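Just below is one structure, and these are the notes that go with it.
The values are calculated or read from the model by the stated rules, or taken from the named source; none is laboratory data. It should be emphasised that the depicted structure is a prediction, and the values quoted were computed from it without experimental measurement. Quick reminder, even Gly has a Cβ in these numbers, built from the backbone with ideal geometry, and neighbours come from all protein chains shown. Quick note on the areas: whole protein, heavy atoms, side chains included, nothing else; ligands and nucleic acids left out. Shrake-Rupley method; radii C 1.70, N 1.55, O 1.52, S 1.80 Å.
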Amino acid sequence: ESNQDQSQNIINAQAIKEVQDATNIELTLTIPIMPDGWHDKQLKILHAYIGQDVNVKLINCMTMCYGGGLLDGEDYGTASVRAMENAKDQLITLYKDYNRNLSTDEAYLMLGSTVDIGYESYLYPTFTTNMTKTVVDHAIENNYGMVSYWSINRDAKLETNSGINNKFEFIKELKRFTS
């Protein structure tokens, strides 16, 4: 998302639209997000796809690695919920920009949240199961299109991730979304 200009985003979107028209494939975009929402680079990608009338089934928000983007007293779970709330509002506005109405329910259904789990690096706090629970609770309440986590190989490696206490502990939280 940071390696190309808007004209290239549009060319990519046009190519996807052609394939989509010929095959009726569904498209999921995976895009990073900050707690205050998508920034210019991400919005340009979305404008390219929506502007070219690509049927975007889902936008998977990478709700992780916020660095200094947290509010006082906020953890990564509540920051991820704030990111998803901002994404929902931004998505509704984006569709309005192209004279298309998107309800709140439709916007949430088009959104996915992929959280980080455990210890990422010294640059970021440990994403705990309680933080994941916060995200999953919000996803269930608002009917997100998807919830996932990054990455199961870390979840299974107790000896190399100080943020993981039990093998596959995060999957227990995420399974509640599909139950």
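Please list, or write none, the lysines whose alpha carbon is within less than 29 Å of the alpha carbon of Lys57, excluding same-chain residues fewer than 8 places away. Counting by Cα, and skipping residues close in sequence, Lys57 has these lysines nearby: Lys17, Lys41, Lys44, Lys88, Lys96, Lys133, Lys172, Lys175.
Subtracting the Cα-Cα distance of Lys41 and Asp21 from their residue separation scaled by 0.36 nm leaves 4.6 nm. Summary: within the chain, the longest segment free of GluC sites (Glu not before Pro) located in DSSP loops with at most 14 other C-beta atoms within 10 Å is 27-179.
Between the beta carbons of Gln8 and Asp53, assuming R0 = 22 Å, the FRET efficiency works out to 0.75 to the nearest 0.05.
Roughly how many percent of the accessible protein surface of the chain is carbon and sulfur, given a 1.4 Å probe and a whole-percent answer? About 49 percent, which is the carbon plus sulfur part of the accessible surface. Centre-to-centre separation between the Cα atoms of segment 146-179 and those of segment 1-58: 29 Å. Only helices enter the 222 nm calculation for the chain: every DSSP H run of n ≥ 4 contributes -39,500 (n - 2.57), and dividing by all residues gives -15000 deg cm²/dmol, rounded to 500. If the Kirkwood radius is taken over C-alpha pairs of the chain, then at 20 °C and 1.002 mPa s the Stokes-Einstein diffusion coefficient equals 126 µm²/s. Taking 7 Å steps out from each Cα toward its Cβ at Ile31 and Asp89 produces label points 1.7 nm apart. Given a 1.4 Å probe and the protein chains as shown, Phe170 ends up with an accessible area of around 0 Å². Evaluated on segment 70-132, the Kirkwood hydrodynamic radius is 13.3 Å, with distances taken between all distinct Cα atoms. Computed from point charges on the beta carbon alone (+1 for Lys and Arg, -1 for Asp and Glu), the dipole magnitude for segment 1-103 about its Cα centre is near 240 Debye. Only Cα pairs under 8 Å and 6+ residues apart enter the sum, and on that basis the relative contact order of segment 1-111 stands at 29 percent.
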